[in-house]
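Colleague: Right, I'll just put the structure down here and ask away after.
The numbers here are math on the coordinates, done by the rules we state, and not lab data. These figures come from a predicted structure and were not determined experimentally.
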Amino acid sequence: MTEKRIICPQLQRKVPKQFSWVDQRLVRDGHIRGLSHQARSLYLFLVTVSDADGLSYYSDKVTQRQLGMAGEELNAARQELKSANLIAYRRPLYQVLSLGGPILPRESHARGNDMGEAVSIREVFAQIAGGAQ
């Protein structure tokens with residue numbers, strides 16, 4: 001096993017006083033699985049610029065410029081995040097939402113498991129382990 005050591009102690013990251021962090025469950029529980037790069041970029045941007053309540057007032061114009069996105073790309077990314085229950089949006093206000101429990105991989109949704117169909121415990125554990133069976 002590799003021993004973890006701080007590589008550059010003088011630049012070790014510290015949690016800043018302002019609120020800005022990313023919940024590990026975003027990746028661990030599969031919340032970003034299947035999202036486009038644009039949606040992931042928008043989410044990271046919103047988490048970074050939002051306040052302690054998850055609120056951000058950045059305009060579309062500024063957000064597009066910061067992320068290098070065209071208007072239709074921003075709209076599609078925003079819709080993806082809304083559909084995934086990661087953000088709420090009411091112009092001009094974004095709210096980064098609290099993460100729920102683990103979600104099924106997008107591939108499972110295509111098979112119909114989001115419609116309440118039974119899933120074996122083996123499939124559940126495989127999903128938690130990242131798809132290994």
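Colleague: Which lysines does LYS14 reach when only Cα atoms under 29 Å apart count, and residues fewer than 8 places away in its own chain are ignored?
Modeller: LYS14 reaches LYS4.
Colleague: Is the shape of region 20-99 rounded, prolate or oblate, going by the alpha carbon gyration tensor and its root eigenvalues a ≥ b ≥ c, with a/c under 1.5 for rounded and a/b larger than b/c for prolate?
Modeller: oblate
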